[in-house]
Amino acid sequence: LFQPCQKMDCLSLELVASLAGHQDRVWSVAWSPKGDFLASCSGDKTVRIWTRRAGATSPPAAAAPSAATITGNDSVNPTTCAGSNTIIGAQQQWYCCAILDQCHSRTIRNIAWSPNGKALATASFDATVAIWELAGSVWEQVAELEGHENEVKCVTWNPDGRLIATCGRDRSVWIWESLPGREFECVDVKQGHTQDVKAVRWHPAGELLVSASYDDTIKLWNYDGDEWVCSQTLGGCGPGSGHSSTVWDVSWDPDGQRLASCSDDLTIKLWESRAAGAAPGPGRLAVSGGSGGYGGGGGLVPSRPDLRCGTTLSGYHGRTIFSLDWGPTGLIASGDGEDCICVFGQGDPEMARVVLRASEEEARQGPAGTNTSSVSCDGGDERRGGGGGSGGGDTTEVDPDDGSGASGPDADAGVSALRDDGKERLGKGSTGLRPGQEGQPWGLWTRVQSAHDADVNCVRWNPAHPRLLASCSDDRLVKLWWLR
Amino acid sequence: MSELINPNPIVHERKSTIRIKSDHRNEALVAEGREPIDALEIFDHIRDINDPEHPYTLEQLNVVSEDQIEVDDDRGRVSVQFTPTVAHCSMATLIGLSLRVKLMRCLPPRFKIDIKLSPGSHSSEAAVNKQLADKERVAAALENPNLLSMVNRCLSPPQESVNEQQQQQQQRNVGEAATAS
């Protein structure tokens, strides 16, 4: 099925921590907005919050009762891992600093942090959503959202923290408003999906909500001033129109221009605006924050989505892809039912390796290090639309109807391997480290087989340390990985 | 349960199976002291699961058979196809769920289990297969105490459940006889 390519060896995901404690499968993980805490939720009806001991790079002393740290595992020798990165030590001392329990009566399926990092929402098979706040050093439940008829499968806060979206097996998407005094009011209930809704995610600009369903479709929802309406449905119109089985997860790229989705049909699809071909080059994708930064110059306008499938990544997964995450580096991580974690990128992974190494050097030298100027990419000898990036699977790309300006290699345009305006540092904002090369074909850059001993249910990149990846599994573990 | 979906199922004999030791063995497994899991072993796990409706096992009703089982021990994959007694059987999901639960309980966690209807054996084949393949739906279903107890009744040792079902059958017969007279 899959033939690894030599180029894949230049990048790897290294295990840096393996966190045990949950008494049942772990369904989801979520990083706090600053990336300093990781929350995980489980069939054991609890949430665990994990964090790193400040400054420690040596093994901990006697473990405290709540500390559940296992560093490394049998297949990773900690001494050989001692890498060159000093930002986060190769042997990381992660421990469980809080357990949220005695709230839900059934599996907790999903968790989400509020944008200010002060609240957590938990979605449960018991048909409720709980809101938690940190009071001093203790997490307390402060609200409960009731309304779904049965299992709630996903919960997500919008970027300004005013709204929460939820979805579940009752086929509906609910939108709740956060009011003063820890009150929450349901402002809309959206029917439309014909089956179980698996995931909901907000666009980084707000204004636009995406839902993914067992009915094989993806729906986009916008507010029309009065209520939320379904402004677009991706798929569901017969063969070739979208996914051919349950869509499990969706994720926006760091610029909010493209959407990635993963499915039981064993593919990942990348969706982009029909207008995207008009103005090639990195300039138009610059993010200035707020919705003003999105959609300028022919890109996606969140209030009027017009997505179509530009790329399908198939042949890389042998079983259901349960989760994917498009990280701040522009790389896409996925977790599947064959216990694997994959990382996809655009262009030449060898280039990416150079970039990553350069950024490691820079970080070691400290903020005074010189910036790498834009590096023109010579890995672009493949036409956009040519088959197969660096992996053995089949990457099919649909050429845009109107013809894309980015159809060939354009070394002079300086397709930046490192997007750096001199102010952004590694780990700061989405215009920091971008090892991939825009406009180049997608390929598989690294794959960890047997990343876990069972299905990988969720993968999430750390928002502040963009090379740190969290994963969780039916094997009851949460694992942390570092991209080298 | 006053009306059975299939009041007159065809009942087969329980086959007696003799395990023939094959010469071809995975040497690594032998070194570990472990026999590779094969189709017969899977069949042994599932043959005596009770049909939810009738006082017979899935083997007796030909719902499962050894030749509808595929096992790849090296890769840790098991595939079971089952054939409900009638094409519109509403118990198909329950039977599929019982198969999945039995194998989950009996096999090492490294095994990936696929349960499907035999092609062409059911009017809602795709829909049933999709539900059985969705592990989130399965997990949520098994948290439902009513459904879980139905599954456990199917998985309980044959004698108890068969007696129960036969008693129910007798009561129905008596009831019918009473109303007929």
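Coordinate-derived values only; no laboratory data. Given the structure is predicted, the values throughout are model-derived calculations rather than measurements. Neighbour counts run over all protein chains shown; Cβ positions are idealised from the backbone, glycine included.
Along each principal axis, taking the top coordinate minus the bottom one, the Cα set of the stretch A:178-237 gives 43, 21, 21 Å in descending order.
The spacing between the stretch A:101-161 and the stretch A:457-484, judged by their C-alpha centroids, is 21 Å.
Each label point was placed 7 Å from the Cα along the Cα-to-Cβ direction; for B:E143 and B:N62 their separation is 4.1 nm. Database remark: amide H of B:D114 closer than 5 angstrom to the amide H of B:V78, B:S79, B:V80 (H placed geometrically; neighbours at sequence offset of 5 or more, or on other chains; Pro and chain starts carry no H). Structure note, pairs A:K45/B:K102; A:K219/B:K102; A:K190/A:K479; A:K198/B:K112; A:K190/B:K102: Cα-Cα distances above 32 angstrom occur for A:K219/B:K102; A:K190/A:K479; A:K190/B:K102.
Remark on A:W248: its backbone amide H falls under 5 Å from those of A:C262, A:S263, A:D264, a criterion applied only to residues 5 or more positions apart or on other chains, H modelled at 1.01 Å from N. Computed 3J(HN,Hα) for the stretch A:226-235, one whole-Hz value per residue from the Karplus formula 6.51 cos²θ - 1.76 cosθ + 1.60 where θ = phi - 60°, is 10, 8, 8, 10, 7, 8, 7, 10, 9, x, glycine and proline marked x. Multiplying each eigenvalue of the alpha-carbon gyration tensor of the stretch A:145-202 by 5 and taking the square root yields semi-axes of 20, 12, 9 Å, largest first, rounded to whole angstroms. What whole number of Å gives the distance from the Cα centroid of the stretch B:68-126 to the Cα centroid of the stretch A:217-265? Comparing the Cα centres of the stretch A:217-265 and the stretch B:68-126, I get a distance of 31 Å. Full extension of the chain segment joining A:C186 with A:D306 gains 40.4 nm, where the gain is 0.36 nm per residue of separation less the Cα-Cα distance. Under a 5 Å amide H cut-off, with hydrogens placed 1.01 Å from N, A:L208 pairs with A:H203 among residues at least 5 apart or on other chains. If you take the beta carbon distance between A:L134 and A:Q449 as r and set R0 to 30 Å, what does 1/(1 + (r/R0)^6) give as a FRET efficiency, to the nearest 0.05? About 0.20, to the nearest 0.05. Working note: Karplus 6.51/-1.76/1.60 with θ = phi - 60° gives the stretch B:49-57 the couplings 5, 7, 5, x, 9, 10, x, 9, 8 Hz, where Gly and Pro are set to x. Couplings 3J(HN,Hα) for the stretch A:150-162, derived from phi with the Karplus relation 6.51 cos²θ - 1.76 cosθ + 1.60 (θ = phi - 60°), are 7, 3, 8, 10, 7, 9, 8, 8, 7, x, 9, x, 7 Hz, where x marks Gly and Pro.
In a shell of Cβ-Cβ distance under 15 Å around B:D67, excluding B:D67 itself, what net charge do Lys and Arg (+1) and Asp and Glu (-1) give?
Net charge in that neighbourhood comes out at -3.
Qualifying trypsin sites (Lys or Arg not before Pro) in the stretch B:34-109, where qualification requires a DSSP coil assignment and no more than 15 other C-beta atoms within 10 Å, comprise B:R34, B:R75. Measuring r between the beta carbons of A:D160 and A:Q102 and using R0 = 30 Å, the FRET efficiency lands at 0.45.
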